[in-house]
Amino acid sequence: MPKLRLFGPALLLFALNAYICHRWFFSEYTNQTGSIDAAFMGFAQWLSKHWSSNWIPLWMSGTTVRQIYNPVLHRTVAAMSMALGWTAPRAYHFLTGITYCLGPVTLYSVCARAGGNAVWGFCAGVFYSLYSPSLWLASGILHDAGGGLFFPRRFEALARYGEGPHVTAVTMIPIVIWLVDGAVVQRKWQFVALAPLGVATLLLTNWTGTTGLMFAVIAYVLAQLGAQSSLHWPSLIGTGAIAYMLASPWIPLSLVRSVQAGSHFIEETKASSTEKLAVVAALVVVLVLLHLAFQHWRVPVWPRFFGYLFVTAGGTTLAKLWFQIAIVPIAHRFQIEMELGLAGALAYAVVALFQRAPKTLRWAAALLALFPVIGQVRHYHREADNMTARIDFSKTAEYRMSKWFADHADGARVFAPGTVSYWMNLLSETPQVYGCCDQSVDTEGLRIADYVIYTGDGTGDKDGATAILWLKAFGAKYVGVGEKSQIGQPYWNPKKFEGLLDDVWHDGESVVYALPGSGSLAHVVDRMSLLTATPSSGIDTAGLATLTAGFDQPTATLQWSDSDNFETSSMTGPDQVVYVQESYKPGWRAFDGQHELPVMLDPLGFMWVAPQAPGEHRIRWSYGASTEDKLTRTAQLTGIALLLWWTFAQKKSAARNDI
């Protein structure tokens, strides 16, 4: 019976959220065509067909699978798609609908089980389900939402902004912190085993959520100050270390560094170091004052945790939204973590006051609270329906251009504009110059190319010619220009290619142009033509002109045998090299017959090899494990061994204490 009393509110919270977002569960295509979740669906679809591949040629002119995105959510979607026979969009929507509905459930569960107060947990879950206080705290968020103070912002993040991975990670945070608590305070062997696994799973779900977990860990440590049970620091450090060791093959340090750099590029801030330090100092002062207040009122550990989470995540978010000072990358996106913390803290305060009131007053207040709750449920349901209206995707500009590329590109690389690049790889495996995802781009040349092709910044009357030069340098055979009304139409001058390239498809304002040449990504070039440095900007094109001078002529061919292997065929002369417009990574190896050729990195991020002698060459290229990959696999095995040893040692210690 006690378990039923705990389970019932959790089920009710899930049902409440499922009612709100009911359309989302079985949708394939909604009216949110500008959402990045289209790219996530395309990635999951590709994984379902190439599960064991390490290389993905579709995006960023080719890159590693792990470079694209953290794997847990997308591989789960791919597995569901394969197992159930669902399309990737349906599997994605169903899974993220589940994780969205579980958000208030995990919040409730931690308050009820760890905090020992089911009423507090249920109120926190209801508040988190039906209110988004970020709308009340930042006019920028309110203006962006456009739906008033009681708009379903958390669902909007899921549906409009494609925050499925982030929403999923935040859903996991309360449970992961609860597991950490069991490992580092209660020191129970079951939690010792599960905590590193929980942390590792969250790390492998979403980068933004990983930073959110960092805020949560800081909040948890602060909440333990002055607590009756002391935090065991070696256990906390060991949990984090083992968690990273387990996850390291998918998120090695090189990837962490590149994503961190990419995130800074996405949201550049002009704030000085002094301004950032001032924000940090202000947060420290608030945390100290909050700690003193908690001590004075003898607030338990878990309500403290949620209060500190609100200050750490919320302070970071609001500093960006109020003052344009970002102390971490993409600081404005921690709205969901902020709301999670505020829901837990505010609900505790309300319930504490409620439980001190006379019984008659408590009943009256509870009945009165039902009216705004019911109204908000209906409002959220209606707004969620508006955000998930189903559409005929075949009538969209994204579909029509993507379909043309699928039918006519014949495997050649393309430059797909705006939201077309999100949707295109749901229809075909046509490789793109850019694609998804911004924070994962790790070559400066590609960022420069993407920027100058879209903007023409600084090119003057050579806008089109400069863009064409960069497109050739990145292996594009076709370039698309979308409609002005299309979400994500990024060209400053959509007419830049007129008269310079052949118009091969026209549909209203949507146009596809063809670049000259065969579209091959392999070329024979003189060694002297190779770049010696990355261009300093989009208008620094002298080296590109020399490099690409012969690209219009078919001097070499490239044929993929699978996602990790291809072969180039070419005839080279003296002092010539085979240049391949596929991104370089340390795992690439090249073989000319039985002889291995050193694979060299080009300043644009591509690769080339120098055959031993002039003549005909059929070179096999293969992507496999790099030195870092081998080290991370060793680290993972070490982490597994340490986790098993620690678990059994803790279990043995517990057994001795029970005697």
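In the stretch 153-252, one over the average inverse separation of all distinct C-alpha pairs is 14.0 Å, which is the Kirkwood hydrodynamic radius. Computed over Cα pairs, the Kirkwood radius of the stretch 395-523 leads via Stokes-Einstein (1.567 mPa s, 4 °C) to a diffusion coefficient of 89 µm² per second. Computed over the alpha-carbon pairs of the stretch 297-437, the distance histogram in 5 Å steps reads 2, 8, 10, 9, 9, 12, 12, 11, 9, 6, 5, 4, 2, 1, 0 percent, short to long.
Measuring r between the beta carbons of Asp540 and Val221 and using R0 = 51 Å, the FRET efficiency lands at 0.60.
Charge dipole of the stretch 435-532 (Cα centre as origin; +1 on each Lys and Arg Cβ, -1 on each Asp and Glu Cβ, all else neutral): 240 debye, rounded to the nearest 20. Using the eigenvalues of the Cα gyration tensor, what equivalent ellipsoid semi-axes result for the stretch 283-331 when each is taken as the square root of five times the eigenvalue, whole Å, largest first? One finds semi-axes of 25, 11, 7 Å for the stretch 283-331. For the stretch 225-330, the relative contact order works out to 40 percent when only alpha carbon pairs closer than 8 Å and six or more residues apart are counted. Segment His22..Ala241, full-extension length gain: 74.9 nm, with 0.36 nm per residue of separation and the alpha-carbon distance subtracted. Distance between the 7 Å Cα→Cβ label points at Arg527 and Arg618: 2.6 nm.
Could you list, bin by bin from short to long, the percent of Cα-Cα pairs of the stretch 82-222 in 5 Å steps? Answer for the stretch 82-222: a P(r) of 2, 10, 15, 19, 21, 16, 10, 6, 2, 0 percent. Volume per residue for the stretch 358-412 equals 103 cubic angstrom (convex hull of Cα atoms). Here's the picture: charge each Lys and Arg Cβ at +1 and each Asp and Glu Cβ at -1 in the chain, and of Thr534, Gln576, Ala326 the one pushed furthest to the positive end of that dipole is Ala326. Note on surface exposure: Met338, Met80 rank Met80, Met338 by accessible area, highest first, 1.4 Å probe.
Expressed as a whole percent, the accessible area of the stretch 530-643 that falls on carbon and sulfur atoms is 55 (1.4 Å probe).
For Val504 and Asp392, a Förster radius of 30 Å and the Cβ-Cβ distance give a FRET efficiency of 0.75, rounded to the nearest 0.05. Positive-end ranking of Thr64, Leu501, Ala138 along the dipole of the chain, with charges on Cβ about the Cα centre, is headed by Ala138. Here r is the Cβ-Cβ distance between Lys495 and Arg382 and R0 is 45 Å; the resulting FRET efficiency, rounded to 0.05, is 0.60. The charge dipole of the chain, taken about its Cα centre with unit charges on the Cβ of Lys, Arg, Asp and Glu (plus for the first two, minus for the last two), comes to roughly 3480 debye. Excluding ligands, DNA and RNA, the accessible surface per residue across the stretch 537-641 is 48 Å² with a 1.4 Å probe. Each pair of Cα atoms in the stretch 501-612 enters the Kirkwood radius, and Stokes-Einstein at 4 °C and 1.567 mPa s then converts it into a translational diffusion coefficient of 83 µm²/s.
The percentage of C-alpha pairs in the stretch 550-659 whose separation is greater than 23 Å is 47%. Loop-located trypsin sites (Lys or Arg not before Pro) across the stretch 416-515 with a Cβ neighbour count of 14 or fewer within 10 Å are Lys484, Lys495, with loop assigned by DSSP. The stretch between Leu84 and Ala369, if pulled fully straight at 0.36 nm per residue, gains 98.4 nm over its current Cα-Cα span. Which whole DSSP H helices in the chain pass both tests: a Cα extent of 27 Å or more along the axis and a mean Kyte-Doolittle value no lower than -1.0? The qualifying helices are 2-20, 88-113, 164-184, 273-297, 301-323, 335-356, 359-387, 627-658.
Judged by a Cβ-Cβ distance under 4.7 Å, the unpaired cysteines of the chain are Cys21, Cys101, Cys111, Cys123. Mean sequence separation of contacting Cα pairs (under 8 Å, at least six apart), scaled by the length of the chain, corresponds to a relative contact order of 16 percent.
Atom-type composition of the exposed protein surface of the stretch 63-117 places 60 percent of the accessible area on carbon and sulfur (1.4 angstrom probe). Rolling a 1.4 Å probe across the protein heavy atoms gives the stretch 356-459 an accessible surface of 45 Å² per residue. Farthest toward the positive end of the dipole of the chain, out of Asn425, Pro611, Val105, is the Cα of Val105, where the dipole comes from beta carbon charges about the Cα centre.
Remark on the stretch 70-131: ratio of C-alpha radius of gyration to 2.2 N^0.38 Å is 1.45. With a simple spin-label model that places each label point 7 Å from the Cα along the Cα-to-Cβ direction, the separation between Leu644 and Asp575 comes to 5.9 nm.
Its residue count N sets the reference 2.2 N^0.38 Å, and the alpha-carbon radius of gyration of the stretch 1-84 equals 1.49 times that reference.
Taken as Cα centroids, the stretch 322-363 and the stretch 461-537 sit 49 Å apart, rounded to the nearest whole angstrom.
For Phe7, put the label point 7 Å out on the Cα→Cβ axis and report which residues of the stretch 96-133 keep their amide N under 16 Å from it. Residues 109, 113 fall inside that zone. Expressed as a whole number of Å, what is the distance separating the alpha-carbon centroids of the stretch 265-296 and the stretch 374-398? A separation of 38 Å, based on Cα centres.
The stretch 214-257 and the stretch 564-620 have Cα centres spaced 43 Å apart. The relative contact order of the stretch 1-76, computed from alpha carbon pairs under 8 Å that lie at least 6 residues apart in sequence, is 22 percent. Applying Stokes-Einstein at 20 °C and 1.002 mPa s to the Kirkwood radius of the chain, computed over alpha-carbon pairs, gives a translational diffusion coefficient of 79 µm² s⁻¹.
Take the Cα of Asp407, step 7 Å toward its Cβ, do the same at Leu601, and the gap between the two points is 4.3 nm. For the stretch 174-209, the residues whose backbone nitrogen is under 15 Å from a point 7 Å from the Cα of Lys651, taken along Cα to Cβ, are 188-195. Estimated at 0.36 nm per residue, the fully extended path between Ser272 and His232 surpasses their Cα-Cα distance by 10.7 nm.
The values are calculated or read from the model by the stated rules, or taken from the named source; none is laboratory data. None of the values given here were measured: they were computed from a predicted structure. When we count neighbours, we look across all protein chains shown, and the Cβ atoms used for this are built from the backbone with ideal geometry, even at glycine. Heavy atoms of the whole protein, side chains included, go into the accessibility calculation; ligands, DNA and RNA do not. Shrake-Rupley method; radii C 1.70, N 1.55, O 1.52, S 1.80 Å.
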